[in-house]
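Peer 1: Pasting a structure here, questions to come.
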């Protein structure tokens, strides 16, 4: 059994701290439609020492006030582990995809899910898929490059401006 090595831990913490950069004007918004979820998030953010850096909103994700681009938007929707939830969540995942397409142009989008079938309901092609395991649950962090128009238009615009 490997033992905890405080020296190695200190080196890793120092390496991580050296990679942190300032982000003036950074806005972090956490929203959920359930007050209890926001309360728990505030407690956890307080324990982590970052509560003052986050604006918390109780609302449906479609009503979340978004900062100007460029930005990052991250979703961690329910996975539908209980019976009867899957059909209701299909429309939620589709709404997330519509929201990303219509309201988040210019952002990078991320969705963490433990239900790969529901992820298909998003209706967007992930530019990257990162595999995670939460206990025994096979999860993915899906990355989406959100742009207006078609991918061809974005490439042509980049080529013209270069």
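The values are calculated or read from the model by the stated rules, or taken from the named source; none is laboratory data. Since the model is a prediction, treat every value here as computed from it, not as a measurement. A quick note on method: Cβ atoms are made from the backbone with ideal geometry, for glycine too, and the neighbour counts reach across all protein chains shown.
Peer 1: Of the conditions (1) at pLDDT 90 or above; (2) touching a helix residue (DSSP H, G or I) at 6+ places or on another chain (Cβ under 8 Å), residue 79 clears all except one; give me its number.
Peer 2: (1)
Peer 1: Additional query: Checking residue 30 against (1) more than 25 Å from residue 144 (Cβ to Cβ); (2) at pLDDT below 95; (3) touching a helix residue (DSSP H, G or I) at 6+ places or on another chain (Cβ under 8 Å), only one condition comes out false. Which one?
Peer 2: (1)
Per-residue answers, yes or no, for (1) touching a residue at least 40 places away in the same chain (Cβ under 8 Å); (2) surrounded by fewer than 10 Cβ atoms within 10 Å (Cβ to Cβ); (3) in a helix (DSSP H, G or I); (4) on the phi > 0 side of the Ramachandran plot:
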{"residue": "7", "(1), (2), (3), (4)": "no, yes, yes, no"}
{"residue": "13", "(1), (2), (3), (4)": "no, no, yes, no"}
{"residue": "26", "(1), (2), (3), (4)": "no, yes, no, no"}
{"residue": "39", "(1), (2), (3), (4)": "no, no, yes, no"}
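Peer 1: Mind listing just one residue for me: the one in region 55-76 that is surrounded by 14 or more Cβ atoms within 10 Å (Cβ to Cβ) and touching a helix residue (DSSP H, G or I) at 6+ places or on another chain (Cβ under 6 Å) and, of those, modelled with the lowest pLDDT?
Peer 2: If we take residues in region 55-76 being surrounded by 14 or more Cβ atoms within 10 Å (Cβ to Cβ) and touching a helix residue (DSSP H, G or I) at 6+ places or on another chain (Cβ under 6 Å), then 75 is modelled with the lowest pLDDT.
Peer 1: What number of residues within region 114-145 satisfy the criterion of being modelled with pLDDT under 90, surrounded by 13 or more Cβ atoms within 10 Å (Cβ to Cβ) and in contact with a strand residue (DSSP E or B) (Cβ under 8 Å, 6 or more places away or on another chain)?
Peer 2: Adding up the residues that qualify gives 2.
Peer 1: Which of (1) in a helix (DSSP H, G or I); (2) touching a strand residue (DSSP E or B) at 6+ places or on another chain (Cβ under 6 Å); (3) surrounded by fewer than 16 Cβ atoms within 10 Å (Cβ to Cβ) is the odd one out, the single condition residue 87 does not satisfy?
Peer 2: Among (1) in a helix (DSSP H, G or I); (2) touching a strand residue (DSSP E or B) at 6+ places or on another chain (Cβ under 6 Å); (3) surrounded by fewer than 16 Cβ atoms within 10 Å (Cβ to Cβ), residue 87 violates only (2).
Peer 1: Could you list, in sequence order, all residues of region 43-73 that are touching a strand residue (DSSP E or B) at 6+ places or on another chain (Cβ under 9 Å), more than 21 Å from residue 24 (Cβ to Cβ) and not in a loop (DSSP other than H, G, I, E, B)? First the steps, then the outcome.
Peer 2: Pass one, region 43-73, residues touching a strand residue (DSSP E or B) at 6+ places or on another chain (Cβ under 9 Å): 45, 50, 53-61, 63-67, 69-73.
The next check asks that each one be more than 21 Å from residue 24 (Cβ to Cβ); those that pass are 56-61, 63-64.
Within region 43-73, 56, 57, 58, 61, 63 qualify.
Peer 1: Consider region 95-113. How many of its residues are surrounded by 21 or more Cβ atoms within 10 Å (Cβ to Cβ) and not in a helix (DSSP H, G or I)?
Peer 2: Matching residues across region 95-113 total 3.
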